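Data first, discussion second: the structure below is written as structure tokens.
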Amino acid sequence: MTNTSAFNAPLEIADDAVLLVIDVQQGFEDEDFWGPRDNPEAEQRIGEVLRAWQDTGRPVVMVQHQSARGPLVPGTPGYELKPVVAGAKWDLHITKTVNSAFYGTPDLHAWLQERGATQLVVIGIMTNVCNETTARMGGNLGYDVVFPIDAMHTFDMAGPDGEAVPAAQLARGTAAVLHAMRFAKVVTTQAVLEAAARTQGRR
């Protein structure tokens, strides 16, 4: 995904780093709609990062996508959060209808600015869509974005020629772009957990 030295570089997680939990919703279980996915351990990793934030008192933002049709329509079972995050306490809840969490309600950027937050950790669904879009925009806005690539997943997608691109390949492309263009630090869940444990966290 990245060169070895960059992928394993020392990571610092601020004691007030904000965790963005993006679109971890039941509707993404609909394989007939979405097709094959990558990273079957994504939900486990998402849960590990979320627990670390809850245990250390760091702020959590929960994001849910609202679709007009398909598996993520409000009021349907697919819109609801998956069990791994459903019981979490959050500091802000955002709903959105587009890919970036920065274009949701309420205004994420304004909330972060009010808190003086400078570091964001992005986890959730989908790697190369809402997660990547949010990370790119966060980087452009000047935030230090951390992207644990194994705490998320995506699905196979058809290219303009109609040929399916495997989910793992799409995730690899996301990692490469975010790293090479310095939108975000692409790391592992383990690196995030170890770095988070070195600081106390605070509300």
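Below are the figures for this structure:
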quantity	calculated
3J(HN,Hα) from dihedral phi, region 13-30, Karplus parametrisation 6.51/-1.76/1.60, rounded to Hz, x for glycine, proline	10, 5, 5, 10, 4, 9, 8, 9, 9, 9, 6, 7, 10, 4, x, 6, 7, 7
Dipole in debye (nearest 20) - region 89-203, about Cα centre, beta carbon charges: Lys, Arg +1; Asp, Glu -1	500
Calculated FRET efficiency for the pair R51/Q169, C-beta based, R₀ 22 Å, to 0.05	0.15
Kirkwood Rh in Å, taken over the chain so that all alpha-carbon pairs contribute	16.9
Inter-centroid distance (Cα atoms) of region 143-203 relative to region 71-112, Å	19
Length added when fully stretched, A110-Q66, from 0.36 nm per residue minus Cα-Cα	13.7 nm
Stretch gain in nm, segment E29-Y103, where the contour uses 0.36 nm per residue and the Cα spacing is subtracted	24.2 nm
Electrostatic dipole magnitude of the chain [Cβ: Lys, Arg +1; Asp, Glu -1; Cα centre; debye, to 20]	600
Given charges at Cβ of Lys, Arg, Asp, Glu: region 114-203 dipole, positive-most of M126, P166, G116	G116
The chain, helix-only ellipticity at 222 nm - DSSP H runs n ≥ 4, -39,500 (n - 2.57), divided by all residues, nearest 500	-9000 deg cm²/dmol
Dipole of region 4-197 [Lys/Arg +1, Asp/Glu -1 at C-beta], most positive-end residue of A42, A197, F183	F183
Interchain or long-range residues, amide H under 5 Å from V145's placed H	L120, K185
Cβ-Cβ FRET estimate between E12 and R182, R0 fixed at 22 Å, reported to 0.05	0.85
Per-residue HN-Hα couplings for region 60-75 [Karplus 6.51, -1.76, 1.60; θ = phi - 60°; Hz; x = Gly/Pro]	10, 10, 9, 10, 10, 8, 10, 10, 7, 8, x, x, 10, 7, x, x
DSSP beta bridges in the chain [antiparallel fraction, %, rounded to 5]	20
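We did not get these values from a lab; they are worked out from the coordinates using the rules stated. In this text, all values refer to a predicted model and were calculated from it rather than measured experimentally. All Cβ positions, glycine included, derive from the backbone under ideal geometry; neighbour counts span all protein chains shown.
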